1. Rounded to a whole number, what is D in µm²/s for the stretch 30-147 from Stokes-Einstein with the Kirkwood radius over alpha-carbon pairs (37 °C, 0.692 mPa s)?
2. Based on DSSP H runs of at least 4 residues, each adding -39500 (n - 2.57), what is the mean residue ellipticity at 222 nm of the chain after dividing by all its residues, to the nearest 500 deg cm²/dmol?
3. Running a GNM on the chain with Cα contacts under 10 Å, which residue among Val101, Val231, Val33 ends up with the highest mean-square fluctuation?
4. Looking at the P(r) of the stretch 110-225, how many percent of alpha-carbon pairs lie beyond 22 Å?
5. Compute the length gained on full extension between Met1 and Glu120: take 0.36 nm times their separation in residues and subtract their Cα-Cα distance, giving the result in nm to one decimal.
6. Hand me the GluC sites (Glu not before Pro) from the stretch 144-207 located in a DSSP loop with no more than 11 other Cβ atoms within 10 Å, in residue order please.
7. Report, by chain and number, residues whose modeled amide H sits under 5 Å from the one on Ala13, excluding near sequence neighbours (fewer than 5 apart, same chain).
8. Between Arg198 and Leu141, what's the calculated FRET efficiency when r is the beta-carbon distance and R0 is 35 Å? Round to 0.05.
Amino acid sequence: MTNIMIQGTTSSAGKSLMCTGLCRIFKEDGYKVYPFKSQNMSSKYYTTKEGYKISTAQTLQAMAAGLEPHPSMNPILLIPKSDKGSMVVIKGEDKEDMEAVEYFKYKNTLKPMILDIYKEIESKNDIVVIEGAGSPAEINLKQNDIVNMGMAEMADAPVLLVADIDRGGVFASLYGTVMLLEEHERKRIKGLIINKFRGDKTLLDPGIKMIEEILNIPVVGTIPFAHLELVDEDSLIDYDKECNINPQTEEEMERELNKLALLLRQNMDMDYIYKIMGLDLVNN
């Protein structure tokens, strides 16, 4: 049993899609893979056949992994109700509306529940693909973290850090995120991913070389900007998606998931990713 965690320098950096693509790649390579995000905040959610609510991101990742969506993939879902409060959904069921300050105090009591669910998942699967939330460098929220480095420590997971170059400042966001972490947290980051790149990669190579030398962490992927028709739960999307308006057929979704997996395989060092997880590229 092993795992990998994707964290981002910002919201909408590409964490969800990286996790979705990796779920599909690991499934294609013969592994039993399971998606997991301890806490997600989204106004969009999916209702399972049993009536449980989970985030749309983990629902998509479940489909990429060839699984039915299940509340254990997203044990805490926060559905915003106002600028200051959310409905707190625990294990797929509505608990209560909470103001942000109230939830910040309450969430520490949820750690044992998260760990129990994670350990059960871990015992039944070959690989768990864990998604972080927002940025791990939100220093005002780091105390009692349960979704970024706090989750990485609970799961003892290697971390890949993804940043969105399309919005600019990609090297500053990678450097700033890493340097705001504690020393033991930095050691967990095994690779950097630059997402949504447009243009000639040779123009980017000098910057990649410099950031690798400064941080002593390899850039393991430069992912080109691609128009993918996959449901997005973030408001900061880069283009209008037909799938956000009209439901896709299963065949259409499968085609897009395979397209995403191929895009990652072609532009990410999968040999290195398998290596940091302690696995071979091909499951024999």
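1. Here the translational diffusion coefficient equals 224 µm²/s.
2. Computed ellipticity for the chain at 222 nm equals -10500 deg cm²/dmol.
3. Val101
4. 39
5. Details: separation 119, 0.36 × 119 = 42.84 nm, distance 1.15 nm.
That pair, Met1 and Glu120, stretches by 41.7 nm at full extension.
6. Values: sites: Glu153, Glu182, Glu183, Glu185; in loops: Glu182.
When the GluC sites (Glu not before Pro) of the stretch 144-207 are filtered for loop state and at most 11 Cβ neighbours within 10 Å, Glu182 remain.
7. none
8. 0.65
Computed from the coordinates by the stated procedures, all read-outs in this text should not be read as laboratory data. This is a predicted model, so every value here is computed, not measured. Glycine also receives a Cβ, built like all others from the backbone with ideal geometry; neighbour counts cover every protein chain displayed.
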